[in-house]
Amino acid sequence: MRILVVFLIFLAAPAHAIQMCGSGKRFTCVVDGDTIWLKGEKIRMMGYDTPEPMTGICGGEKEKRLAARASKRLVQLLNENNSTILRTGKDKYGRTLATIRINGKNVGDILIAEGLARSWPNGREFWCE
C-alpha cells in the first residue's frame, strides 16, 4: 500500500515545469512573453505583443523590465493553470502561430489586462514612451 501512495503522489506532481529558455538547446521553455518552445516546436502567440527582452525596439530599461515581467508572468500562467493551444499556421519565420487559452481565456488578453502586453497589430508600444 505504501508504494501505491508514493506512486500516486509522484503522478500528481508536474513532470516538467516550464522554465525560461536558457542558452542551450530549447525544447519546452518560454522565450519571452509571446513566444514559447513546446516539445521542440517554436510557437508565436497571436493577437498580442510583448517587449523584447534582448533586442528591444526602444532599447530602454523600461522595456527590458517589462519584458522580464511579461515573460515571468507567462511562465507562471502556464505552470499554474490548465491550458489549451489552438494552432493556426506558420509565420514567415517558420514559427507556429497559435492561441493559448487558460481556463477558456486567451493568455494574451490576460497579459494585456495586466499591462504587460499590447494588442497586436494595432496596439501602441507603450513601453517605448
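Taking only pairs that are 8 or more places apart or on different chains, how many Lys pairs in the chain have Cα atoms under 13 angstrom apart? Before the final figure, lay out each step's value.
Details: LYS25/LYS39; LYS25/LYS42; LYS42/LYS90; LYS42/LYS92; LYS64/LYS72.
Eligible lysine pairs with Cα atoms under 13 Å apart amount to 5.
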Item to check | Summed residue charge, Cβ within 12 Å of ALA70's Cβ, Lys/Arg positive, Asp/Glu negative | outcome: 0
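If you average the sequence gap of Cα pairs under 8 Å that are 6 or more apart and divide by the length of segment 18-128, what percent do you get for the contact order? List each step's numbers first, then the result.
Details: 205 pairs, mean separation 30.7, N = 111.
Over segment 18-128, the number comes to 28 percent.
If you count, for each residue, the other Cβ atoms within 10 Å and average over each peptide, how do 79-90, 23-34 line up from highest to lowest? If you can, show how the numbers build up before the last one.
Numbers: 79-90: 11.7, 23-34: 16.4.
The peptides rank, most packed first, as 23-34, 79-90.
Using 0.36 nm times the number of residues separating SER119 and CYS58, minus their current alpha carbon distance, what extension gain do you get? Let's see the in-between values first.
Working: separation 61, 0.36 × 61 = 21.96 nm, distance 1.75 nm.
Taking 0.36 nm per residue and subtracting the Cα distance, the gain is 20.2 nm.
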Next on the checklist: Below 11 angstrom from the Cβ of ALA98, what's the summed charge of the other residues (Lys, Arg +1; Asp, Glu -1)?
Outcome noted: +3
Next on the checklist: I'd like the projected area of the chain, averaged over all directions, using the convex hull of its alpha carbons. Report it in nm² with one decimal.
Outcome noted: 9.7 nm²
Checklist outcome for this item: Nearest 10, in degrees from 0 to 90: the angle of helix 2-12 to the longest Cα principal axis of the chain is 20 degrees
Next on the checklist: Please give me the summed charge of the neighbours of THR28: other residues whose Cβ is under 14 Å from its Cβ, Lys and Arg +1, Asp and Glu -1.
Outcome noted: +3
Checklist outcome for this item: Kirkwood-based Rg/Rh on the Cα set of segment 31-100 evaluates to 0.98
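Read-outs throughout are calculated quantities, based only on the coordinates presented, and are distinct from any laboratory measurement. All of these numbers come straight from a predicted model, not from anything done at the bench. No Cβ is skipped: glycine too gets one built from the backbone with ideal geometry, and neighbour counts run over all protein chains shown.
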